[in-house]
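Trainee: Quick one: this structure, given as structure tokens, is what I'll be asking you about.
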Amino acid sequence: MINVDTLKTAFIQAYGAGGHPVQYFFSPGRVNLIGEHIDYNGGYVFPAALTLGIYGAIRLREDSLIVLKSLNTAPLVTVDLNKLIEQYSPDGWANYPKGIIKQLLDSGLPLKGCDILFCGNLPDGTGLSSSAALLVLTAFMLRTVNGDDHVDRAELARFCQKVENQFIGVNCGIMDQFTVAMGKENCAILLDCETLRYKYIPFALDDCSLVIMNTNKKRELSDSKYNERRSECEQALAVIQRHSRITNLCQATLADIETYLTDNVLRRRARHVVTENNRVHTAVNLLEKGDIAGFAELMTQSHTSLKNDYEVTGYELDAIVDTALTAPGCIGARMTGAGFGGCAIALVKTAQLAEFKSAVATGYRAGTRREADFYVAGIANGVSLLEG
Ligand code: GLA
């Protein structure tokens, strides 16, 4: 199991002992419970930060270099603060921290050289926001080590979203970065993505557990398909705005959609957005009343809408959700994150967890010839300094 001690030993092995003190941080992944493909449409989402995430260690150096190393993946990348910083595809994962470094410098924060080591237990490319975890972690570590102790977390989230949009080139919404920055132990976050007003809602599941199911199908197409969905929503909004004074697609009514959207694809995309945003409110009300079964039923409805109207599920996600819904103890399941592969989630009676996992593993293998992975993660705080 990875923890701070793993990182301490690995840091000395990677960079040697001595010099400035080392500081240790943790940044969570996130799971979205309901409200998918809603953040960039100005509605409500309901995510939570996970105890699975990325650890980071950082120590100042005496020169102008920032050395980026990960225990999980190559290559080691060195950034010279006095030279131009550009996206360079062979740098792979390190483009995320590079984007943060560039953006911090561009925003006028002077940075000192440092050695950084990352190591995580968050599978990447699985819809659990490993990229947001890495972006927020890097920004938080660099600001802390350079003397900025009072980081405004909502502003940090916006800053990291900008790096993902502009430096990485994925036109994502604010949900992931906000959750990673603002997460609270044992609570999910009801977030209004238009205003960034939010409320922590205790995520108490009685006799159920939240199971994350990894299809182990990478989300290869996700970036281009993601941007395509965004643009379809923008088109749908523009058509409705010719008739109705709305400022985002979540404000449309089902009647607006049926009346004004003649294009079948745009109509289905908009229908998902409006029904999903409504489901978030209903689901949170049910959860607050302790109606876990009602909440779970809405999760399943969300998946159906993402499959039929929004078309972001795909064979593997549908296979794992369908299998889960017939497995022992399961009361609801859906894909989570951008879709096109990655992870799904299920609410499962805790007493039947073992039978559930075994039934889903067998059924999913038979349907896809792939192995599923399962995680029963806790709900964690947002990015934090652990030690140093
Ligand atoms: C990705 C994006 C988020 C959000 C989800 C879908 O995780 O980064 O902004 O749009 O997909 O809900």
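The values are calculated or read from the model by the stated rules, or taken from the named source; none is laboratory data. Since this is a predicted model, take the numbers as computed values, not measurements. Using ideal geometry, Cβ is built from the backbone for each residue, glycine included, and neighbour counts are taken over all protein chains shown. Ligands, DNA and RNA are excluded from the accessible area calculation, which covers all protein heavy atoms including side chains. Shrake-Rupley method; radii C 1.70, N 1.55, O 1.52, S 1.80 Å.
Trainee: Let's test the formula: R0 of 45 Å, r as the Cβ-Cβ distance of Ser358 and Asn82. What FRET efficiency results, to the nearest 0.05?
Mentor: Between Ser358 and Asn82 the formula returns 0.20.
Trainee: Over the stretch 263-388, with the other protein chains present, what is the accessible area per residue in square angstrom, probe 1.4 angstrom?
Mentor: Details: 4820 Å² over 126 residues.
Using a 1.4 Å probe on heavy atoms only, each residue of the stretch 263-388 averages 38 Å².
Trainee: Quick one: pull the percent of accessible area on the chain belonging to carbon and sulfur, 1.4 Å probe, ligands and nucleic acids left out.
Mentor: Looking at the chain in its full context, I get 49 percent from C and S.
Trainee: Follow-up. Test of understanding: in a Gaussian network model of the chain with alpha carbons linked when under 10 Å, which of Asn277, Asn95, Asn264 would top the mean-square fluctuation ranking?
Mentor: Top of the fluctuation ranking is Asn264.
Trainee: Here's a follow-up. Which residue, Val151, Val22, Val348, has the most motion in a Gaussian network model of the chain that connects Cα atoms within less than 10 Å?
Mentor: Of Val151, Val22, Val348, the most mobile in the Gaussian network model is Val151.
Trainee: Calculate the length of the line joining the C-alpha centroid of the stretch 264-292 to that of the stretch 7-22, in whole Å.
Mentor: 48
Trainee: Under 8 Å for C-alpha pairs, at least 6 residues apart: give me the relative contact order for the chain, rounded to a whole percent.
Mentor: Working: 819 pairs, mean separation 90.5, N = 388.
RCO, the chain: 23 percent.
Trainee: For the chain, with only Lys/Arg (+1) and Asp/Glu (-1) charged at the beta-carbon, what is the dipole magnitude about the Cα centre, in debye rounded to 20?
Mentor: With Lys and Arg at +1 and Asp and Glu at -1, about 200 debye.
Trainee: Let me ask another. Take every Cα-Cα pair in the chain and report what % of them are more than 35 Å apart.
Mentor: It works out to 27 percent of all Cα pairs.
Trainee: Compute the normalised compactness of the stretch 101-208: alpha-carbon radius of gyration over 2.2 N^0.38 Å, N being the residue count.
Mentor: Dividing the Cα radius of gyration by 2.2 N^0.38 Å gives 1.16.
Trainee: Let me ask another. So in the stretch 21-126, what percent of DSSP beta bridges are antiparallel if you round to the nearest 5?
Mentor: Details: 20 of 25 bridges.
DSSP beta bridges in the stretch 21-126 are roughly 80 percent antiparallel.
Trainee: Could you please state, rounded to a whole Å, how far the C-alpha centre of the stretch 166-226 is from the C-alpha centre of the stretch 128-156?
Mentor: 17
Trainee: Something else about it: List the extent of the Cα atoms of the stretch 1-112 along each of their three principal axes, largest first, rounded to whole Å.
Mentor: Principal extents (largest minus smallest coordinate, Cα): 47, 37, 27 Å.
Trainee: Now, a different point. Based on Cα positions only, what radius of gyration and what Dmax would you give for the stretch 75-118, in angstroms?
Mentor: Computed over the Cα atoms of the stretch 75-118, radius of gyration and Dmax are 10.2, 28 Å.
Trainee: Which shape class applies to the stretch 251-388: rounded if a/c is under 1.5, otherwise prolate when a/b exceeds b/c and oblate if not, where a ≥ b ≥ c are the square roots of the Cα gyration tensor eigenvalues?
Mentor: Numbers: a/c = 1.75, a/b = 1.37, b/c = 1.28.
Judged from the Cα gyration tensor, the stretch 251-388 comes out prolate (a/c at least 1.5, a/b above b/c).
Trainee: Would you calculate a helix-derived [θ] at 222 nm for the chain, using -39,500 (n - 2.57) for each DSSP H run of n ≥ 4 and dividing by the full residue count, to the nearest 500?
Mentor: After summing the helix terms and dividing by residue count, I get -13000 deg cm²/dmol.
Trainee: Could I ask something else about it? By accessible area of protein heavy atoms, probe 1.4 Å, what ranking do Arg230, Arg197 get, highest first?
Mentor: Arg197, Arg230
Trainee: Over the Cα atoms of the stretch 56-149, Rg to Rh with Kirkwood Rh, two decimal places? Don't jump to the answer; show the numbers that get you there.
Mentor: Numbers: Rg = 12.6 Å, Rh = 13.5 Å.
Reported Rg/Rh (Cα atoms, Kirkwood Rh): 0.93.
Trainee: Moving to a separate point now. Going by accessible area, probe 1.4 Å, with all protein chains left in place, what is the ranking of Ile116, Ile2, largest first?
Mentor: So the residues, ranked largest to smallest area, are Ile2, Ile116.
Trainee: Among the trypsin sites (Lys or Arg not before Pro) within the stretch 292-388, which fall in a DSSP loop and have no more than 12 other Cβ atoms within 10 Å of their own Cβ?
Mentor: Numbers: sites: Lys307, Arg334, Lys349, Lys357, Arg365, Arg369, Arg370; in loops: Arg369, Arg370.
Taking the stretch 292-388 and a limit of 12 other Cβ atoms within 10 Å, the loop trypsin sites (Lys or Arg not before Pro) found are Arg369.
Trainee: I'd like the GluC sites (Glu not before Pro) in the stretch 217-273 restricted to DSSP loop residues with at most 16 other Cβ atoms within 10 Å, sorted by number.
Mentor: Glu220
Trainee: If DNA, RNA and ligands are ignored and the probe is 1.4 Å, what is the ranking of Phe356, Phe374, Phe159 by accessible area, most exposed first? Kindly include the intermediate steps, with their values, before the conclusion.
Mentor: Working: Phe356 0, Phe374 50, Phe159 25 Å².
Greatest to least solvent exposure: Phe374, Phe159, Phe356.
Trainee: I'd like the accessible area for Met213: 1.4 Å probe, protein heavy atoms, all chains in place, Å² to the nearest 10.
Mentor: Here the accessible area works out near 0 Å².
Trainee: Okay, next question. Kindly report the accessible area of the stretch 15-150 per residue (heavy atoms of protein chains, probe 1.4 Å, no ligands, DNA or RNA), in Å².
Mentor: Here the residues of the stretch 15-150 average 34 Å² of exposed surface.
Trainee: What distance in nm separates the simple spin-label points at Asp106 and Phe374, each placed 7 Å from Cα in the Cβ direction?
Mentor: My value for the distance between the label points is 4.5 nm.
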